[in-house]
Amino acid sequence: QVQVVESGGGLVQPGGSLRLSCVVSGSIFRIYAMGWYRQAPGKQRGLVAGFTSGGATDYSDSVKGRFTISRDNAKNTVYLHLQMNTLKPEDTAVYYCSADVQTSPGLGPYDYWGQGTQVTVSS
């Protein structure tokens, strides 16, 4: 089993900063890709920032230069962080952490998702 738990959301004024964190833990054999996604009311969920299976970073054009994704590894646990600076009202959304995890050499990878954390940017 794999667990994905996000934290760090909240209410912030425009121009402010927030740091989101995600803990991926459990039966991790290999992680192929992982990232942060967001979904605003009435819109589709989309990638904010992520690591590809090769370790490269990928950012949505709307957050380049403002958001930074980082990753820390520990035994059977991976921490994924999203530092969000110069926040704008249009960044308001539920932010989800996702990891493409292989739990056994004989099994294919599966996308695991957290429950999401609300980020609201408003004065």
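For the range 40-68, enumerate the residues that are in contact with a strand residue (DSSP E or B) (Cβ under 7 Å, 6 or more places away or on another chain), surrounded by fewer than 15 Cβ atoms within 10 Å (Cβ to Cβ) and within 21 Å of Gly16 (Cβ to Cβ).
Once the filter is applied, which keeps residues that are in contact with a strand residue (DSSP E or B) (Cβ under 7 Å, 6 or more places away or on another chain), surrounded by fewer than 15 Cβ atoms within 10 Å (Cβ to Cβ) and within 21 Å of Gly16 (Cβ to Cβ), the range 40-68 yields only Ala40.
Is it the case that Gln118 is open to solvent by 50 Å² or more (accessible area, probe 1.4 Å) and touching a Gly at 6+ places or on another chain (Cβ under 6 Å)?
It is true that Gln118 is open to solvent by 50 Å² or more (accessible area, probe 1.4 Å) and touching a Gly at 6+ places or on another chain (Cβ under 6 Å).
Residues that are touching a His at 6+ places or on another chain (Cβ under 8 Å) and polar (S, T, N, Q): does the range 41-57 have at least one?
Scanning the range 41-57 turns up no residue that is touching a His at 6+ places or on another chain (Cβ under 8 Å) and polar (S, T, N, Q).
Using the structure shown, decide if Thr86 is surrounded by 13 or more Cβ atoms within 10 Å (Cβ to Cβ), on the phi > 0 side of the Ramachandran plot and either assigned to a loop (DSSP other than H, G, I, E, B) or modelled with pLDDT of 95 or more (or both).
yes
Kindly provide the set of residues from the range 52-68 that are among the small types (Gly, Ala, Ser) and either under 12 Å from the mean Cα position of the chain (by Cα) or farther than 14 Å from Met34 by Cβ (or both), ordered by number.
Ser60, Ser62, Gly65
The rows are residues; the columns are (1) in contact (Cβ under 8 Å) with a residue 60 or more places away in the chain; (2) touching a His at 6+ places or on another chain (Cβ under 8 Å); (3) among the small types (Gly, Ala, Ser).
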site: Gly9; (1), (2), (3): yes, no, yes
site: Arg19; (1), (2), (3): yes, yes, no
site: Val23; (1), (2), (3): no, no, no
site: Met34; (1), (2), (3): yes, no, no
site: Thr103; (1), (2), (3): yes, no, no
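What single numbered condition from (1) in contact with a His (Cβ under 8 Å, 6 or more places away or on another chain); (2) farther than 15 Å from Gly116 by Cα fails to hold for Pro14?
(1) is the only condition that Pro14 fails.
Can you name every residue in the range 89-111 that is open to solvent by 40 Å² or more (accessible area, probe 1.4 Å), under 27 Å from Val63 (Cα atoms) and not acidic (Asp, Glu)?
Of everything in the range 89-111, those that are open to solvent by 40 Å² or more (accessible area, probe 1.4 Å), under 27 Å from Val63 (Cα atoms) and not acidic (Asp, Glu) turn out to be Pro89, Tyr110.
The values are calculated or read from the model by the stated rules, or taken from the named source; none is laboratory data. Fair warning: this is a prediction, and the values are worked out from it, not measured in the lab. Neighbour counts run over all protein chains shown; Cβ positions are idealised from the backbone, glycine included. Note: areas computed on protein heavy atoms with side chains; ligands, DNA, RNA excluded. Shrake-Rupley method; radii C 1.70, N 1.55, O 1.52, S 1.80 Å.
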